[in-house]
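Data block below; observations after.
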Amino acid sequence: APAMATLAFAVRRREPVLVGPAAPTPRETKRLSDIDDQETLRSQVPFLLFYRGGARAPGDGRDDPAGVIRRALGEALVPYYPLAGRLREVEARKLVVDCTGEGVMFVEADADVRLAELEAAGLRPPFPCMDQLLFDVDGSGGVLNCPLLLIQVTRLLC
């Protein structure tokens, strides 16, 4: 898909914010299992998901998808509160989740491209525009002492 390299579009991102649990959560430490604590798993895995929105008229009063996802994320982090914590190393490099409630990184963005244009260029790996649609926030790319999730919600023109 060489055409993808020539597809130029701009992405405007808002400042990254931490989204924490919408209600108080336990402050505790959870040890990872030996299966989850393998050296080879100590990395982040980027991926893109595309969802087609329903037809909307401007000003129809329906909530913006980024706002809906941000609020739902805060609600989901109540029962799944360890995701709002940070990985720490204890004795013998054992990983634990420090359930701090600090939150996950959330970025809202707009791209001046349509899904049909991305599809026409080829949505197959390797995806040259990956860094445009999902980017690293300073201080979030590590495994230890970093947010466990970085979520970017990008609205396309369509």
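The values are calculated or read from the model by the stated rules, or taken from the named source; none is laboratory data. Note that the structure is a prediction, hence the values are computed from the model and not measured. Remember, those area values only see protein heavy atoms, side chains included, never the ligands or the DNA or RNA. Shrake-Rupley method; radii C 1.70, N 1.55, O 1.52, S 1.80 Å.
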Accessible surface of Arg14 - all protein chains present, 1.4 Å probe, nearest 10 Å²:
150
Among (i) 51, 40, 24; (ii) 50, 35, 21; (iii) 41, 38, 27, find the value of Cα extents along the principal axes in Å that was calculated from the structure presented, and write down its label.
(i)
Given a 1.4 Å probe, the accessible area of the chain per residue, as a whole number of Å², is 63
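Tell me, what is a quarter of the convex hull surface for the C-alpha atoms of the range 70-158, in nm² with one decimal?
Numbers: hull surface 30.7 nm².
Average of the hull's projected areas for the range 70-158 equals 7.7 nm².
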222 nm mean residue ellipticity, helices alone, for the chain (DSSP H n ≥ 4; -39,500 (n - 2.57); rounded to 500)
-4000 deg cm²/dmol
C-alpha long axis of helix 65-76 to longest principal axis of the chain, angle in °
20
